[in-house]
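The values are calculated or read from the model by the stated rules, or taken from the named source; none is laboratory data. Fair warning: this is a prediction, and the values are worked out from it, not measured in the lab. Quick note on the areas: whole protein, heavy atoms, side chains included, nothing else; ligands and nucleic acids left out. Shrake-Rupley method; radii C 1.70, N 1.55, O 1.52, S 1.80 Å.
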Amino acid sequence: MVFAISAVLFLIFLANVVLGAFADAAFMGDVAEMIVLFLTSITFVSGILKAEARRNADE
């Protein structure tokens, strides 16, 4: 679930970057981009840590 949230946030960021680069129609500002990328990183790291904890508990 956490990886899905991370993927959705990254796709939102990627869509904004692509639209800004090719169509000059970015829908987020610089601060919003930074916040989305930060949330993407936090959710991804959270997923990695949960997976690692689950793997260590199984051993």
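Against the numbered list (1) outside any helix (DSSP H, G or I); (2) modelled with pLDDT of 95 or more, Ala26 comes up short only at (2). Restricted to the stretch 14-59, and to residues there that are open to solvent by 60 Å² or more (accessible area, probe 1.4 Å) and charged (D, E, K, R), the residue that is farthest from Met1 (Cα to Cα) is Asp24.
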